[in-house]
1. How much of residue 182 can a 1.4 Å solvent probe reach, expressed as accessible area in Å² and rounded to 10?
2. If one puts a single equal scatterer on every Cα of the stretch 167-231 and applies the Debye formula without solvent, what log₁₀ I(q)/I(0) results at q = 0.27, 0.29 Å⁻¹?
3. Provide 324, 218, 144 ordered by accessible surface of protein heavy atoms (probe 1.4 Å), highest first.
4. Can you tell me the length gained on complete extension of the stretch residue 223 to residue 458, counting 0.36 nm per residue apart and subtracting the Cα distance?
5. On a 1.4 Å probe surface of the protein chains, which of 455, 265 comes out largest in accessible area, and what is the full order?
6. Give the accessible area for residue 435 in Å² (nearest 10); use a 1.4 Å probe, count only protein heavy atoms, and leave out ligands, DNA and RNA.
7. 7 Å from Cα along Cα→Cβ at both residue 297 and residue 179: what's the point-to-point distance in nm?
8. Quick one: what Rg and Dmax do you get for the stretch 265-353 from the alpha carbons, in Å?
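The values are calculated or read from the model by the stated rules, or taken from the named source; none is laboratory data. Small disclaimer: the values here were computed from a predicted structure and weren't measured. Here the Cβ positions follow ideal geometry from the backbone for every residue, glycine too, while neighbour counts run over all protein chains shown. Remember, those area values only see protein heavy atoms, side chains included, never the ligands or the DNA or RNA. Shrake-Rupley method; radii C 1.70, N 1.55, O 1.52, S 1.80 Å.
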Amino acid sequence: MLSLDCSNLRQCRVVVAMVVYISLFLDNMLLTVIVPILPDYLVQFHDKVPASIIYKNFSLHYVPKLIGAVSQAVVVVQPTNPPTASSLTMEQENGSIGILLGVKALVQLLANPLVGNGTARFGYCIPITFGTFNLLLASLIFGFGTSYTSLFVARAIHGVGSACIGVCGMSLVAQLYTEPERRSKVMGTVLGAMAVGVLVGYPFGGIAYEMAGKAAPFHVLAVLCAGNLVLQYFQLDLGAFRANAMPHESSTTIEDKRATWWPLLSNPLILIVVGGIWISTSAMAILEPCLPIWMISQLHPKKWQLGTVFIPDSIGYWLGTNFFGSVAYRYGQIRVSIVALFLVGSSCILIPSANTVTGLLLPHLGLGLGIGVVDAALVPLLATLVDSQLSNYVDQGVGLSLEESGGEYGYGAVYAIQQIAVSLAYSLAPIVGGELVPVTGFATVLRALGVLNILYIAPLLCSSIRCSVGSIVGSSMKQKDLPLASSEPTSYRRFYNTLE
């Protein structure tokens, strides 16, 4: 589709990374733009319930659940007010609304392994474009839909799109940037698109809703997604799957591709790294449905404070992903992630100690910063581990070509595993938290999770020591205690060939 010479290769991969950045940005913007708009939809769905009750319940509980929690919604009723028929009716409808809000995370969880397998046949570009098309379709359904079923379908379609963009976007960036330091920096910057999308989505949805109606934000998002599709058409090789599906491939090669998941899942270091991403993400996932309820009972915040309490987390995450990728590479990705996990755990322990809403700002900033640094350190490390593992297979004479398999199959599978861990965090943590908080209290649950994050430093530390004294003995390394991706220009040639 495109003809590039080597002098334009560096510029081209920057453009492709920008395409991935825009796709992740639109994905997370669609996730949050609905927050100030959904109450109007709920009023339509529950015509027997006064709008004031719906707005109250939505503000107190449903807003934080939109990020992906699937726990059952709980109606907050002030102790001085006895239950009314309207509030009881609303409570009966909580199940259907909870399903509506949680279906996106559930569908994304189920789609991640399918997308990971699909990269072996379709590569990375086609799933990214398919995911962007799903965002476009979901935006249109959100804009024109007026029924519960239409919104349910839109959320499900959005989950499929998120899986495609999340798995294949990071895999494509890992394939293009084979230099470990550059890869760490660029992947961190791309991850920052999620925080920017969350930050922009809330105010954009509210302003566009006030100025032009509830459908306007989704129409604007649909136009942006369409523009992104046009950009992808000119910058991504959407015909690459034909090369991957040619019948001349041997059965041994195909069998090796299908077996890619098992070597990754049996690699203890990969599992420990993914576990670090999961446990740090669980801290945020458990806060979103539980913190507003605790704030109402303990801090008595104003309504606008409930909607802005998570802004420091997004700012911290953006700072962590944008500025600590290179730092993590320079000082050791596992070492930096250890410090970041300690920051996450300490922030979780400090949050319940806040006596005012202002007192929450610093722990929330530390929590977002810690999670961002963990992602900036460990997400690029997964690609490095895949490169190292595939290099070992080639050295051992296994019938798996590094030139052919490193970028096309290993990255897709490992980032599917990473996305599954994130989806599990947003699915399981709210359920566990919702069950434990009424029994043990919010402070106990969050502090216990903080202690777990700090305790997880031990397996990370052990994996770093084992890696340094075991599999990499005798190798010359620039990075501290970690294997590096091969600096050979094989991935450059592969990328160059796919763009001809």
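1. Using a 1.4 Å probe on the heavy atoms, I get roughly 90 Å².
2. Each listed q maps to, in turn, -1.10, -1.15.
3. Values: 324 70, 218 0, 144 145 Å².
Output order, biggest surface exposure first: 144, 324, 218.
4. Numbers: separation 235, 0.36 × 235 = 84.60 nm, distance 4.76 nm.
Working it through step by step, the gained length comes to 79.8 nm.
5. On the way: 455 110, 265 75 Å².
Largest accessible area first, the list is 455, 265.
6. 130
7. With each label placed 7 Å out from Cα toward Cβ, I get 5.4 nm.
8. 15.8, 50
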